[in-house]
Each structure stands twice: as C-alpha cells, then as structure tokens.
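Everything below concerns the one structure shown next.
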Amino acid sequence: MIQLRSYLGGQWLAGSGSPQTLLNPATEEPLANASSVGLDLRGALEHARTRGGPALRALTFAERGALLKAMADAMQGERDRLIELGIANGGNTRSDAKFDVDGAIATLLEYSEISKALGARKFLVDGEGIQLGRSARFHGQHIAVPRHGVAVHVNAFNFPAWGFAEKAAVALLAGMPVLAKPATSSAMVAHRIMEVLAAKKILPEGALSLLVGSPGELVSLLGAQDVLAFTGSGDTGVRIRSARNVIEFSVRVNIEADSLNAAVLGADVEPRSDMYELFLKDVVRDMTQKAGQKCTAIRRIVVPKDVIDEVKSDLIELLATVKVGNPADEDVRMGPLATASQLSDARSGIERLGGTVVFGDKQEKPAKGFFLSPVLVQSTGDAVHEHEVFGPVASLLPYSENPAQIVARGNGGLVSSIYSEDQAFVEQVVVEIAPHHGRVFLGHHKIELSPGPGTVLPQLVHGGPGRAGGGEELGGPRGLAFYVQRVALEGSRPVIQKLIG
Ligand code: NAP
C-alpha cells in the first residue's frame, strides 16, 4: 500500500504512529496510509516563514504569476493521472474529477493573468494619494504588503485539487508561502500535485509545503503574521476560530463552512418553458454532481405552491435516470459519498430534516461502498433551514408570496439562485436575499453553457455570512486582501511617491 508523506521544510517526511487508511469509497479497497504523528510542524512553519516568504517577496507580481502558470502547466501535464486518483480516492465520476482538476488549473491560470496587470510591483498600491493638509507636501497613501508569516490552508475532502489550487494561487501571488493541509480521506490528489510540483522545482524552497494526515497542533502554532484559510464544516470552523492563540495573536482566519443554498423558481415561469427546464437541470446537476458533496449545491428548492406537484414529479422523473454506482464504470452518473462517516451523517441528516422522502431510498445498504441514491424531501419544518445534509439530498419547499423570507431562514449562505424573467420579482428577491449571501446566481436560459450556481468562478467572490463562515475568497484581485497588510503611509509626498514607484 502507498505510504503518503508530507512535504515539509523542503523534504518528504513520513509520520509515525498508527496511520489513517485512505479507501476507494466505491469498493472500500484500501489505497494508501497517512500519518502526521511526530512531524516537526513548528520547524516546517519556520522554514516557510524564513525561506519561502523572503523568496516570494523578492519577486514581482508578474514573476509570481509566472510561477502560477508553471504550476498550472505541470498540473495539466499530470491531468489524466489526477483524474484517475479523483475517481479512485474521491469516488468521483470522470466528469466530477475533471470539474475538480480543471477548476484548479483554470484558477491558477486566472491568477496568473491577474498578475500581469499588477506587473513589476512587489506590493499593492491601494487607491490614490491624498493631500492631508494645506500643504501639498503633507501626503497620505495606502499600500498593502505581503504578511511575513505562513498562509496555512486547511481544506475539505470534496475538492482536493481545486481547494488546494484556489487558495494557493491567491496566497502565492500575494507573496505569502503556503502550507496546505488537505482533508486526509481524499488526500491522494493533493499529494500527487505536490509530488509533481516538488519534482519540477517550480517554486522557491519553502514557498509550498504539504501536511498529509491529521492537523495535530498546527493551528496552535500560528502567530500574528500567519493567516489561516479553512474550508470545512461549521463545527471545525468554530474550534479553529476559538483557539487561544488565534484570539490572543489576532491570527487572521477565513472560514468557508456550511451552506443551505436555495434555488427559487419565479411564479412567472411556465412549466416546460426554457427557463423551467434550466431550473430543473441545475437542481438535478447540483444534487448529483460529486454526489451532492459541494458546498454550493442547491439544498432548498423553493417553488410556487401552485406548481410544487409538477416540479416534484419532473424532478423525480429526472432523478430516476441517474445511474448510481462505481464511478470507474463509464455509464455511472453519480458515485458514492467520500467516507463511511459521510454516509452515516447523510443518513441521519435525512432523518433530521423530517418531512416526507418523495424520492430515494434512505435505507439502502449495499454490501460495499458508501452509496446513497439521490434523495428528495418535501418538508415545511424548521430543520431544512438549519441542517446541511452533505450529500445528494435536497428539500422541496412551497411559497405563496415572498420566497426571499424562506431563503433568508438559511441564516447565511454561499449562493442562492433565482430563475425568473419578471424583472420586478428578480429585483425584489435580489435586494432581500443579497445581505445573506456571498453570491446570487440569476439563472437565464439564454446564457449559453451556463455552469449553474454550483460552480465557483475565480473572478467572483466565494464565501458567505453567518452559517457559511463569514469568509470571502477569490473575487479576482480582491482575494489578495486576505494575505496582505494594509498600511497607511503618512509623510512627505515626494518621499512617498518615490517609495511606491
Ligand atoms: P471537516 O471535518 O471540518 O474537515 C475539514 C478539514 O479540517 C480537514 O482537512 C480536516 O482534517 C481538518 N480539521 C479537522 N479538525 C481540525 C482541527 N481541529 N483543526 C484544524 N483542522 C482540522 O469538513 P469535511 O468533512 O472535510 O468537509 C465537509 C464540510 O465542508 C461540509 O460541511 C461542507 O459544507 C463544507 N465545505 C465548505 C466549503 C466552502 O467553500 N464553504 C467547501 C467545501 C466544503 P482531517 O481530514 O485530517 O480530519
């Protein structure tokens, strides 16, 4: 069996102690072992701070962007292998695995492009200079400089390539070294990416490290110049945020957590119209892509009460065509959940939602593999607004007047979507739901090749208030803000102007 190692302090190191076994979730075949026990995390962080940080800060944005392009090219060269690993270790269909790997490459390339506009500078100039007194010489200017710590990236299991790349792209472009910690259960993809990047020596020493296995004391070792970007469950997010050193040293933390994303169908949308078909297609894609294990997947399907029976029967008909099985088989459209505990959480979560299961067999127990069929629940209870079931599960909810009030009950989300051609309705719902979200997706059948609400694009911000963790990532150059310190320079105008170049 493969022994996964960590890449820390510029070396590949294996942990000791009893390892965690990574499985193929479709067959339960053991694929690899991983342990981080005994690894010198303090030393690894210091190596990144003292070697990787200065090396990156010595580069211009354009030079850092060239590194991102080289990372993307190296991953492109390894694309087939990464997809195979996503299928085997993640339970992804080929299409799911491509979504992850291609999304990772595209995000690196997007940030490489962004670097061109930032050009020959090594830090950001924030806005115009300001005359501060009667004399034009008394001048102010904001700049934003890379922090001198490490960007620690803790990722969820569902996007091992994209999660790694979307965070690394932004931090490296900003000029901070990265220590990435993939979720252990699906770490084979990120491990392979690190192997390729390390072998090709694309990045300066210390600029990129990988911790495979449990996080151990990692969070408790972070200090005032470090930042921590976390993606995962709300419960883990709370533990991280409340760590003593995080509070004491004001460690900058970004949390990307759970979300009860909603899709709203407007009352103007006629069944069988193009807009209606798009709505159904987006709901079914989000329920089944990656077996519903997407933070942005539609969890609440909010439809006018007059058409709920029609929507229900159409969704049931579409869900019944989804072949669930081992994703190594080409005709399978939905694979298993990632782990036994994800399956058990999803099953108990369905119970917790209450209501009536109108499609799917929540009790099915195949002999091998962590399979669950798509499950459609009809409910008007509170739990659908309170509990995220991280699997191919969504709830159908009726509205009679104002769907925005229903959507807002999710208490903060990553993305919700509206499908309507009634401009007044769209405006009203956008205004009411926007404060509760990081992104609002306006579905329209005339947008060609629309990726649907579940796809996170590097040009737009990702994150959301409340339950979603209160974080914000990506958004083009906006994403750099997390990794830099904004500083106000106050003094003589010629001195400041020379300094900023
Ligand atoms: P999780 O159990 O919270 O784990 C996430 C990551 O945190 C893993 O790398 C895990 O490591 C690590 N971790 C666990 N305990 C930790 C601790 N005390 N300190 C530091 N790190 C710790 O979440 P998951 O099951 O992987 O992911 C599913 C959840 O993530 C869902 O709720 C989903 O909504 C959310 N999610 C959100 C987004 C988003 O962008 N908002 C994206 C994807 C997923 P180990 O694997 O080694 O335990």
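Please treat every number below as a calculation from the coordinates, not as lab data. In this text, all values refer to a predicted model and were calculated from it rather than measured experimentally. When we count neighbours, we look across all protein chains shown, and the Cβ atoms used for this are built from the backbone with ideal geometry, even at glycine.
Under a straight-distance cross-link criterion of Cα-Cα below 12 Å, which aspartates and glutamates are reachable from Lys122, leaving out those fewer than 8 residues away in the same chain?
Glu63
State, in angstrom, two size descriptors of the chain derived from its alpha carbons: Rg to one decimal place and Dmax to the nearest whole number.
23.5, 80
Under 25 Å between alpha carbons, and skipping anything fewer than 8 positions from Lys116 in its own chain: which lysines qualify?
Answer for Lys116, where 25 Å is the Cα cut-off: Lys69, Lys167, Lys200, Lys201, Lys498, listed by chain and number.
Once you charge only the Cβ atoms, +1 for Lys and Arg and -1 for Asp and Glu, what is the size of the charge dipole of region 262-459 about its Cα centre, to the nearest 20 debye?
Result for region 262-459 is approximately 800 debye, rounded to the nearest 20.
What trypsin sites (Lys or Arg not before Pro) does region 152-219 have in DSSP loop regions with at most 11 other beta carbons within 10 Å?
The qualifying sites are Lys201.
Which length gain, in nm to one decimal place, applies between Ser341 and Asp73 when the Cα-Cα distance is subtracted from 0.36 nm times their residue separation?
92.9 nm
For region 233-283, what value does the Rg/Rh ratio take when both radii are computed over Cα atoms and Rh is the Kirkwood radius, given to two decimals?
Radius of gyration relative to Kirkwood radius: 1.39.
Quick one: divide the alpha-carbon radius of gyration of region 372-442 by 2.2 N^0.38 Å and tell me what you get.
Taking N as the residue count of region 372-442, the ratio is 1.16.
Please report the relative contact order for the chain, taking Cα pairs under 8 Å with a sequence separation of at least 6, and give it as a percent rounded to a whole number.
Here the relative contact order equals 18 percent.
Report, by chain and number, residues whose modeled amide H sits under 5 Å from the one on Val393, excluding near sequence neighbours (fewer than 5 apart, same chain).
Val375
Can you show me the helix-derived [θ] at 222 nm for the chain, built from DSSP H runs with n ≥ 4 at -39,500 (n - 2.57) apiece and divided by the number of residues, rounded to the nearest 500.
-10500 deg cm²/dmol
What's the FRET efficiency of Arg478 with Thr60 using the Cβ-Cβ distance as r and R₀ = 30 Å, to the nearest 0.05? Numbers along the way, then the final one.
Working: r = 20 Å, r/R0 = 0.67.
The value I calculate is 0.90.
What is the Cα centroid distance between region 450-499 and region 52-106, reported in whole angstrom?
So the two Cα centres are separated by 21 Å.
Residues in region 464-494, backbone N under 16 Å from the label point at Ile130 (7 Å along the Cα-to-beta-carbon vector): list them, ranges by number please.
486-493
I'd like the projected area of region 161-308, averaged over all directions, using the convex hull of its alpha carbons. Report it in nm² with one decimal.
Answer in nm², one decimal: 12.1.
When the chain is fully extended, how far beyond the present Cα-Cα distance does Ala243 get from Thr356, taking 0.36 nm per residue of separation? Intermediate values should be presented prior to the final figure.
On the way: separation 113, 0.36 × 113 = 40.68 nm, distance 4.00 nm.
So the chain would gain 36.7 nm between Ala243 and Thr356.
For the chain, find the longest principal axis of its Cα atoms and tell me its angle to the long axis of helix 61-77, 0 to 90°, nearest 10.
Relative to the chain, helix 61-77 is tipped by roughly 40 degrees.
Just subtract the alpha-carbon distance of Glu28 and Val430 from 0.36 nm times their residue separation and send over the number in nm, one decimal.
Gain on stretching Glu28 to Val430: 140.3 nm.
Of the peptides 225-231, 413-419, 329-335, how do they stack up when ordered by the mean number of other Cβ atoms within 10 Å, highest first?
Details: 225-231: 23.7, 413-419: 28.6, 329-335: 16.1.
Result, highest mean Cβ count within 10 Å first: 413-419, 225-231, 329-335.
How big is the charge dipole of the chain about its Cα centre, in debye rounded to the nearest 20, if each Lys and Arg gets +1 on its Cβ and each Asp and Glu gets -1 on its Cβ?
So the dipole magnitude of the chain works out to roughly 2260 debye.
Among the GluC sites (Glu not before Pro) within region 408-501, which fall in a DSSP loop and have no more than 12 other Cβ atoms within 10 Å of their own Cβ?
Here the sparse-neighbourhood loop sites are Glu448.
Can you quote the Å³ per residue value for the convex hull of the Cα atoms in region 262-459, rounded to an integer?
124
Give me the Kirkwood hydrodynamic radius of region 156-210 in Å, from all C-alpha pairs, to one decimal place?
By the Kirkwood definition, the hydrodynamic radius is 11.3 Å.
Report the label-to-label distance for Arg272 and Ala383 in nanometres (one decimal), using points 7 Å from each Cα along the Cα→Cβ vector.
A separation of 3.8 nm, rounded to one decimal place.
Can you list the lysines whose alpha carbon sits under 30 Å from that of Lys323, skipping same-chain ones fewer than 8 residues off?
Of all the lysines, those that pass the test against Lys323 - Cα under 30 Å, at least 8 places apart if same chain - are Lys98, Lys281, Lys290, Lys294, Lys305, Lys312, Lys362, Lys365, Lys368, Lys446.
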